[in-house]
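So the structure is just underneath, and the comments pick up after that.
The values are calculated or read from the model by the stated rules, or taken from the named source; none is laboratory data. On a predicted model such as this, the values are computed, not experimentally measured, just so you know. FYI the Cβ positions are ideal-geometry reconstructions off the backbone, even for glycines, and counts take in every protein chain you see. Calculation scope for accessible area: heavy atoms of the full protein, side chains included, ligands and nucleic acids excluded. Shrake-Rupley method; radii C 1.70, N 1.55, O 1.52, S 1.80 Å.
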Amino acid sequence: AQTVTQSQPEMSVQEAETVTLSCTYDTSESDYYLFWYKQPPSRQMILVIRQEAYKQQNATENRFSVNFQKAAKSFSLKISDSQLGDAAMYFCAYRSYIKDDKIIFGKGTRLHILP
Amino acid sequence: ETGVTQTPRHLVMGMTNKKSLKCEQHLGHNAMYWYKQSAKKPLELMFVYNFKEQTENNSVPSRFSPECPNSSHLFLHLHTLQPEDSALYLCASSPPPGAGANVLTFGAGSRLTVL
């Protein structure tokens with residue numbers, strides 16, 4: 001069975017600085033999707049960024065980028081120029097390409113932004 | 001507004017009550033999900049429906065009863081709940097395979113308190 005591990009329960013970063021959130025996963029599949037979701041205090045889960053495993057190029061969305069290391073089964077999220085609105089719980093998620101109706105989430109990392 | 005609407009947003013019920021949570025999406029998605037989010041626990045997948053057919057029941061107690069009358073609506077019927085069932089219940093939907101990289105779109109959640 002697939003698993004997703006986020007080893008950092010909480011992190012803090014100074015406003016305007018860069019922070020990296022870690023995520024590792026375990027799977028025997030070769031095709032899959034990886035996601036980072038953000039859950040602010042409003043509790044609304046919002047997609048931050050996604051990566052298809054067959055793509056070698058790391059995904060980027062404005063200030064958010066990932067470091068996808070397929071062989072190491074690592075999928076970290078880098079947030080550049082951190083803003084107060086980035087404070088939230090961040091979840092890493094795995095979705096199988098074959099059994100694509102099952103999505104597995106990590107336990108989350110709570111990110112604090114220090115003014 | 002993500003396109004996935006959950007009602008009610010807040011629900012307080014006694015252990016002997018019967019209530020229902022509703023989820024509605026008009027995004028053209030074929031799959032709908034119920035997740036349970038408790039404090040300090042990872043997101044727990046409860047049920048998955050794909051084209052109105054239940055494809056996943058993650059060992060959920062029978063006091064939770066899902067219903068999916070069509071691809072746009074999903075219900076979670078609640079009866080004889082326990083205080084430990086108090087949590088945020090998140091509904092999500094996703095498009096068919098190959099459309100939109102299988103991204104989950106979440107509703108804002110229904111906060112359930114069982115007294």
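Summary of values
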quantity: Which numbered condition A:Ile98 fails, given (1) part of a strand (DSSP E or B); (2) within 12 Å of chain B (Cβ to nearest Cβ); (3) more than 21 Å from B:Lys41 (Cα to Cα); calculated: (1)
quantity: Wholly within the stretch A:17-93, strands (runs of 3 or more DSSP E) carrying at least 1 residues that are surrounded by 13 or more Cβ atoms within 10 Å (Cβ to Cβ) and at pLDDT below 95; calculated: A:32-39, A:46-52
quantity: Unmet criterion (only one of (1) basic (Lys, Arg); (2) at negative phi; (3) within 14 Å of another protein chain (Cβ to nearest Cβ)) for A:Arg43; calculated: (2)
quantity: Those strands (runs of 3 or more DSSP E) lying entirely in the stretch B:1-45 with at least 1 residues open to solvent by 40 Å² or more (accessible area, probe 1.4 Å), over 30 Å from A:Ser7 (Cα atoms) and in contact (Cβ under 8 Å) with a residue 12 or more places away in the chain; calculated: B:4-7, B:10-13, B:18-25
quantity: Yes/no for B:Gln82 being within 24 Å of A:Thr3 (Cα to Cα), out of contact with any helix residue (DSSP H, G or I) (no Cβ under 6 Å at 6 or more places or on another chain) and surrounded by fewer than 17 Cβ atoms within 10 Å (Cβ to Cβ); calculated: no
quantity: Subset of the stretch B:8-53 (residues that are at the interface with another protein chain (Cβ under 9 Å from one of its Cβ atoms) and of a type in the set (Phe, Trp, Tyr)); calculated: B:Tyr33, B:Tyr35, B:Tyr49
